[in-house]
1. Provide the net charge surrounding D102, with neighbours chosen by a C-beta distance below 14 Å and charges set as Lys +1, Arg +1, Asp -1, Glu -1.
2. Pick the calculated mean projected area of the Cα convex hull in nm² for this structure from [x] 23.5; [y] 16.9; [z] 11.9?
3. Along the charge dipole of the range 1-155, which of L133, Q45, I18 sits closest to the positive end, that is, farthest toward it, with unit charges on the beta carbon of Lys, Arg, Asp and Glu (+1, +1, -1, -1)?
4. Looking at the range 51-160, which trypsin sites (Lys or Arg not before Pro) are in a loop (DSSP not H, G, I, E or B) and have at most 16 other Cβ atoms within 10 Å?
5. Would you calculate a helix-derived [θ] at 222 nm for the chain, using -39,500 (n - 2.57) for each DSSP H run of n ≥ 4 and dividing by the full residue count, to the nearest 500?
6. With each pseudo-label sitting 7 Å past Cα toward Cβ, what's the S86-N70 distance in nm, one decimal?
Amino acid sequence: LQHARAARDELREAEFGIAAASAQEKAATAAFLPTVGVALDYGVQGDTYRFDREHDALAASVVVEWNLFNGGRDEARRQQASIGESRARVARKEVERRIELDVRQAYDALHVARTGIATARDRVAAAQRSFELVTRRHAEGMASQIEFIDARTAYTRAELNLILTRQSYAVRAAELERAAALRVME
């Protein structure tokens, strides 16, 4: 679970969403602050270009703007951004819970598949022992051909079931690797 929380891309994506919402809130809060603009202009006066003290022109301006009241739009924008950040945090928690559930389900499925292998091995051993007994009886003429074929079929099915159970275990192990982000996929 810890590795999944540290390495899953969905959580990084959710973190970026929180950071973006936080930046929007800061931008909306900045609307309450005054803005200051400074401008400096230099030029030449007259009908000819002469660069001396008599014809030089220099103008400096400072503009301060502070919007104290605009119908509550700035406050509403700030509140909306704050709600957006709260939403992003809730979405991250939801992603965390979904990842945790994904990892737990994958782990449980792997555990079930592992126990299935032991059961399948026991079935193979039982079917093999049964087939050996029927083979001896068939060789002595005490078992019919149908019993022999039936025992061989049961043995083959048990071996096939073991193969399929192992394959299911491998699939579950791969699902757990993906869910817990244990291996980096390229």
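Read the figures in this text as sums done on the coordinates, not as results from a lab. Quick caveat: nothing in here was measured; it's all calculated off a predicted structure. So basically every Cβ, Gly included, is an ideal-geometry build from the backbone, and we count neighbours across all protein chains shown.
1. Values: positive: R5, R8, R97, R98, R104, R172, R178; negative: D9, E10, E94, E96, E100, D108, E175, E177.
Net of charged neighbours comes to -1.
2. This structure yields the entry labelled [x].
3. Comparing the listed Cα positions along the dipole, L133 ranks first.
4. Passing sites in the range 51-160 are R53.
5. -25500 deg cm²/dmol
6. Once both label points are built, they end up 2.4 nm from each other.
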